[in-house]
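In what follows, a structure is listed as structure tokens, so that the remarks can point back to it.
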Amino acid sequence: MRVDEFLKERNINVGDFVRITKEEDGEEVTYEGYIMPPYELSAGDTLVLKLENGYNIGIALEKIRRIEVLERAKVKPEVHFEALIEGKPGLPEVTIIGTGGTIASRIDYETGAVYPAFTAEELAKAVPEIFEVANVKPKLLFNIFSEDMKPKHWVKIAHEVAKALNSGDYGVVVAHGTDTMGYTAAALSFMLRNLGKPVVLVGAQRSSDRPSSDAAMNLICSVRMATSEVAEVMVVMHGETGDTYCLAHRGTKVRKMHTSRRDAFRSINDVPIAKIWPNGEIEFLRKDYRKRSDEEVEVDDKIEEKVALVKVYPGISSEIIDFLVDKGYKGIVIEGTGLGHTPNDIIPSIERAVEEGVAVCMTSQCIYGRVNLNVYSTGRKLLKAGVIPCEDMLPETAYVKLMWVLGHTQNLEEVRKMMLTNYAGEITPYTRFDTYLR
Amino acid sequence: MMVMTDKFNYEELGLKVGLEIHRQLDTKKLFSPVPSELSDKVEFTFQRRLRPTMSELGEIDPAALEEFKKGRVYVYEGNYELTDLVYMDEEPPRGPDREALEVALQIAYLLNAKPVDEVYYMRKIVIDGSNVSGFQRTAIIATDGKVETPWGAVGIPTICLEEDAARIIERKDKEVIYRLDRLGIPLIEISTTPDIHHPEQAKVVAKFIGDALRATKKVKRGLGTIRQDLNVSIKGGARIEIKGVQELDMIPIIIEREVERQLNLLKIRDELRKRGVKPKDIKEEFYDVTDIFENTKSKIIARVIKKGGKVLAIKLPKFRGLIGREIQPGRRLGTEFADRAKKYVPGIFHIDELPNYGISQEEVNKVIERLNLSEEDAFVLVAAEEEKAKNALREVIKRAREAIEGVPEETRRALPDGNTEYMRPLPGKARMYPETDIPPLRIPDDLKKKIKENLPELPQAKVERYVKEYKLDRSLAQTLVDDERDELFEELVSMGVKPSLAASILVVVLKGLRKEVPIENVTDEHIREAFQLYLEGKIAKEAFEEIFKELARNPSKSAREVAEEKGLTLLSEEEVTRIIEEVIQQNIEVVKAKGMGAMGLIMGRVMAKVRGKADGKLVSQIVRRKLQEISGG
């Protein structure tokens, strides 16, 4: 029997204080505690009880002999947070756009459930430091996991950012789940034209319900960066494992390089823009960033969604390319091996794709370094087939960029020209020695 | 039950004691398969801060936030092999370690407890930095255990399996340094109900639990691997948590001393009440008396003044004579004041102990005059930098006010002599919430059954068995078990070694060498090999001592190598006979004169040459035969 049926049959509710007697190996054991909602990962035939000492335990339903309700569940007062934070005169206005992920949250100590905190008051309570830097206005746009983020969400975020900036905000922070934050950063980098103010994406690798969370420091540093002179799309996250400083990465050159570390985000083939300490100190690591200006930002949100990102591997079949072409895809970004190669036997399929007007772009699965299709004969064949070599662009950035480019033109010559034009720092002119694995 | 005279009538006093015993398990770390060893090798460090989290009501504990804002930084020292991303809070937890869980279940059954059906790990918030994550992961494995004692049964409400905290290395003003090696070592936590009503009963319970833990052979040994805490209260007193009791024998002493402390504090309270003083009568007024001590002979005070510090005094109305009153041997109410002030200053001075420490009667009189003290009033002095002195005196004021109320609830630290000193206020109710990264773990009934049917023998049962089965002397058997040599002992016996010999070598010989050589270097493998040589007739039992001595110094050698190098391998019968004949020839006059009467002399001279290389019994047989040949034939 399942827990929900078991409870329903006995008219017992989650939160009731009960006394349970179970039979364990011929002996009786009695527990007193609160009925907890079943866990997602529990076997389903176990009743979870919160004992008075705060511990949870699981009791097998089939062993329960008696259960009596000692006290009915109390209705918990709902907690309302009013957005009553008064702005301090003289501080810059910064909007924080929430898209999901729990950058700030509060926790139900009974169930362990985590609620996103997104009113100003909640944020002020969780991370009061940010209100000393700016008049922060939280805005919850949507609440989804970053793995569920789709190109249409990028467009929504871009418009929300533009709206805030053009209505006088000094900068904008976008709170985002970390898994696909790099893609969103790249998308915003291409869509926000004439950007005159900082746009900062921020997330957390440790959820904010734990005292060791990286969320608060990341948020503090991102608000600092949003009030800086850098008019670019950036990702601001921990710079190292310690809670010492954050790094601001250029939105087109940043990649999540670790599944779990708090310093997972790294600039690839490029130097981060700045180091930010939570006390407000900013150390610029380069001078060539776009400076703050009065320009009104425009959203150029034309994108073509029929684009695929394909990783090459030994044994890859040309069927995969054929399938995409047959399905009407307009662009394919290949994550090739080494300098930008595919097995020779799939080149005919690539040739066919190009002939049918599909833009095929080449990046490298090495992640670090620049593609070069002139060195080996395979590369030369791919070039001849019409593949566009994407310099030192990240595969994910090239994928987002190709969507955006194809939203503007599907003429392959035009596409080639645009793919090789540097719009948002996605291509570096030459490869610096100090940009590898750091 | 032992008849003894108790210092107090504990029943009348309403003594209640509960135990909490923590012991490290000798398995991998609890939530990642990292070896659970300690090391002084530091290969990297990193720093973190811990932020108080919002409760469900969206509240952050203001005190915790205040603490956080002070900017305390935690520095963690790591070793690449003994920690990993899980224990840097850079990766979600794995586990829990199966072996640790099974040991916990064994312990549960040995303590008559009932395991839960599904284990739920909880996060217990701890933001002193000792856990990198800011919480300790802990779960109840079993409930409802019981220990029988001659005074009655004592309940074991919970048995938990949790992770140990990081080791504190150094505490600085704004920075605390921890080492990560200890973090994550599985810790079994056993708590009893406060049903212990006699100090000796506490020891019996602790011994029984300790025996059950040792029976598993999977608990760590050595300093710091076991932590026994006591909760002690008497009627009218308060619950005092005493941390860090290392030795079993100290338990009754510490309880007795705590009862004494609480009784004396209650007497002081009654006296203060009789004198009619109320907590609010103690005012937070600091008197600057630096000028009185300008030419003082007190070196401590002079040094402080020279450095620009101040001497501040407070008035404690009606406390005269009570601050100096002894509450535990060698500790006074004043000591309790000083313990509290320790956070800010090394020490305080109070009127009941002055003049002393270079402070003159004249200076005391001037302070009395300045503070306008009556006969019954007291003062406390602190010499330090002004802000520190004030903070220290605030602590004294707080403790003095508590003295009027009775016994303050506290966490205290056990001292080696059985006394205790203040550590911190009692912890509040733990904030716990589920560890959602670890799925609930069902304990299948067949696993429970398997563990229950294969429980290890408890140490006391083992001692009884050795006495009965192997006819060992009881104290020898007890030592074998206490030293955890029992497993090796049984192995040797099954190899064919006589039980009495195995036991006496393992206990008497090895222990006897402890003062001379680092005997812990002698491994079980060494011992096994030495006995193998003995069984093969290659060495005499007299050679064990010499072999172990050498092995302790050179543990990389084998017992065989040592026996050969040191010439401890036995002589053949022919060689022994040849040596005996030689000795007889050298003493032929005596032999001829005394006949069999020369037996002692010849034996002595032969043994001097062959000791450790020949069996004494064999030697004596040959000597006897040879002498008989000469004298008789």
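Structure notes:
- Flag if A:Met237 is closer than 20 Å to A:Ser146 by Cα, away from chain B (no Cβ under 14 Å), touching a residue at least 40 places away in the same chain (Cβ under 8 Å) and surrounded by 21 or more Cβ atoms within 10 Å (Cβ to Cβ): no
- The number of residues in region A:181-203 that are open to solvent by 30 Å² or more (accessible area, probe 1.4 Å) and under 13 Å from the mean Cα position of the chain (by Cα) comes to 1.
- Considering region A:171-194, and only residues there that are aliphatic (A, V, I, L, M) and closer than 22 Å to A:Ile130 by Cβ, the residue that is modelled with the lowest pLDDT turns out to be A:Ala175.
- Condition check for A:Lys76: surrounded by fewer than 13 Cβ atoms within 10 Å (Cβ to Cβ), at pLDDT below 95 and either in contact with a Phe, Trp or Tyr (Cβ under 9 Å, 6 or more places away or on another chain) or closer than 26 Å to B:Ile156 by Cβ (or both): no
- Residues that are surrounded by 21 or more Cβ atoms within 10 Å (Cβ to Cβ) and closer than 26 Å to B:Asn454 by Cβ were ranked within region B:81-105; the one that is modelled with the lowest pLDDT is B:Gly95.
- On the stretch given as region A:79-128, residues that are over 14 Å from A:Leu140 (Cβ atoms), away from every other protein chain (no Cβ under 14 Å) and either at pLDDT 75 or above or in contact with a Gly (Cβ under 8 Å, 6 or more places away or on another chain) (or both) total 7.
- Qualifying position, being among the aliphatic types (A, V, I, L, M) and open to solvent by 10 Å² or more (accessible area, probe 1.4 Å), among B:Leu213, B:Leu223: B:Leu223
- Verdict on A:Arg266 being outside the structural domain of A:Tyr368 (by the TED database), open to solvent by 60 Å² or more (accessible area, probe 1.4 Å) and in contact with a His (Cβ under 9 Å, 6 or more places away or on another chain): no
- Considering region B:435-455, and only residues there that are of a type outside the set (A, V, I, L, M) and part of a helix (DSSP H, G or I), the residue that is farthest from B:Asp97 (Cα to Cα) turns out to be B:Glu453.
- When residues in region B:86-121 are screened for being touching a residue at least 40 places away in the same chain (Cβ under 8 Å) and under 13 Å from B:Ile141 (Cβ atoms), 22 of them pass.
- Residue list for region A:29-48, restricted to those being more than 10 Å from every other protein chain (Cβ to nearest Cβ) and open to solvent by less than 20 Å² (accessible area, probe 1.4 Å): A:Gly33, A:Ile35, A:Gly44
- Apart from one condition, B:Val311 fits all of (1) outside any loop (DSSP other than H, G, I, E, B); (2) closer than 17 Å to B:Leu381 by Cα; (3) modelled with pLDDT under 95; the exception is (3).
Matching residues to (1) part of a loop (DSSP other than H, G, I, E, B); (2) out of contact with any Gly (no Cβ under 7 Å at 6 or more places or on another chain); (3) at pLDDT below 95; (4) open to solvent by less than 20 Å² (accessible area, probe 1.4 Å):
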| site | (1), (2), (3), (4) |
| --- | --- |
| A:Ile316 | yes, yes, no, yes |
| A:Tyr329 | yes, yes, no, no |
| A:Val333 | no, yes, no, yes |
| A:Pro348 | no, yes, no, no |
| A:Gly357 | yes, yes, no, no |
| A:Leu373 | yes, no, no, yes |
| A:Arg380 | no, yes, no, no |
| A:Glu391 | yes, yes, no, no |
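- B:Lys283 vs. criteria open to solvent by 80 Å² or more (accessible area, probe 1.4 Å), in contact with a Pro (Cβ under 9 Å, 6 or more places away or on another chain) and in the same structural domain as B:Phe379 (by the TED database): yes
- Meets criteria (within 14 Å of chain A (Cβ to nearest Cβ), polar (S, T, N, Q) and out of contact with any Pro (no Cβ under 7 Å at 6 or more places or on another chain)) for B:Thr479: no
- Residue within region B:128-137 that is more than 23 Å from A:Pro278 (Cβ to Cβ), more than 25 Å from the chain's Cα centre (by Cα) and open to solvent by less than 10 Å² (accessible area, probe 1.4 Å) present: no
- The sole residue among A:Lys287, A:Lys256 that is open to solvent by 10 Å² or more (accessible area, probe 1.4 Å) and either touching a Ser or Thr at 6+ places or on another chain (Cβ under 8 Å) or under 20 Å from A:Thr421 (Cα atoms) (or both) is A:Lys256.
- Residue match in region B:401-422 (condition: among the basic types (Lys, Arg) and in a helix (DSSP H, G or I)): yes
Condition check ((1) polar (S, T, N, Q); (2) touching a Cys at 6+ places or on another chain (Cβ under 7 Å); (3) open to solvent by less than 80 Å² (accessible area, probe 1.4 Å)) across all residues:
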{"site": "B:Lys450", "(1), (2), (3)": "no, no, no"}
{"site": "B:Ala461", "(1), (2), (3)": "no, no, yes"}
{"site": "B:Gln478", "(1), (2), (3)": "yes, no, yes"}
{"site": "B:Val497", "(1), (2), (3)": "no, no, yes"}
{"site": "B:Ala502", "(1), (2), (3)": "no, no, yes"}
{"site": "B:Ile519", "(1), (2), (3)": "no, no, yes"}
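- Screening the candidates B:Lys306, B:Lys267, B:Lys218, B:Lys207 for the property of being within 23 Å of B:Arg401 (Cβ to Cβ), of a type in the set (Lys, Arg) and out of contact with any Gly (no Cβ under 7 Å at 6 or more places or on another chain) yields one hit, B:Lys267.
- A count restricted to region B:122-177 and to residues that are facing another protein chain (nearest Cβ under 9 Å), farther than 21 Å from A:Tyr39 by Cα and free of Cβ contacts under 8 Å to residues at least 40 places away in the same chain stands at 5.
- The set of residues in region A:258-272 being within 8 Å of A:Gln205 (Cα to Cα) and charged (D, E, K, R) consists of A:Arg261, A:Arg262.
- Which listed residue, of B:Glu561, B:Glu575, B:Glu629, B:Glu582, is open to solvent by 90 Å² or more (accessible area, probe 1.4 Å) and out of contact with any Pro (no Cβ under 6 Å at 6 or more places or on another chain): B:Glu629
- Residues in region A:204-234 that are open to solvent by less than 10 Å² (accessible area, probe 1.4 Å), in a helix (DSSP H, G or I) and within 20 Å of A:Arg290 (Cβ to Cβ): A:Cys221, A:Ser222, A:Val223, A:Met225, A:Ala226.
- Residue list for region B:597-612, restricted to those being in contact with a Gly (Cβ under 9 Å, 6 or more places away or on another chain) and either open to solvent by 70 Å² or more (accessible area, probe 1.4 Å) or free of Cβ contacts under 8 Å to residues at least 24 places away in the same chain (or both): B:Met603, B:Met607
- Of the candidates A:Glu305, A:Glu295, the single residue that is under 18 Å from A:Val415 (Cβ atoms) and not in a helix (DSSP H, G or I) is A:Glu305.
- Residues of region A:129-159 that turn out to be within 14 Å of chain B (Cβ to nearest Cβ) and acidic (Asp, Glu), as a count: 2
The values are calculated or read from the model by the stated rules, or taken from the named source; none is laboratory data. Predicted, not measured: the structure shown is a model, and the values here were computed from it. Cβ coordinates were reconstructed from backbone atoms using ideal geometry, including for glycine residues, and neighbour counts include every protein chain displayed. Protein only, heavy atoms only, side chains kept; ligands, DNA and RNA dropped before computing areas. Shrake-Rupley method; radii C 1.70, N 1.55, O 1.52, S 1.80 Å.
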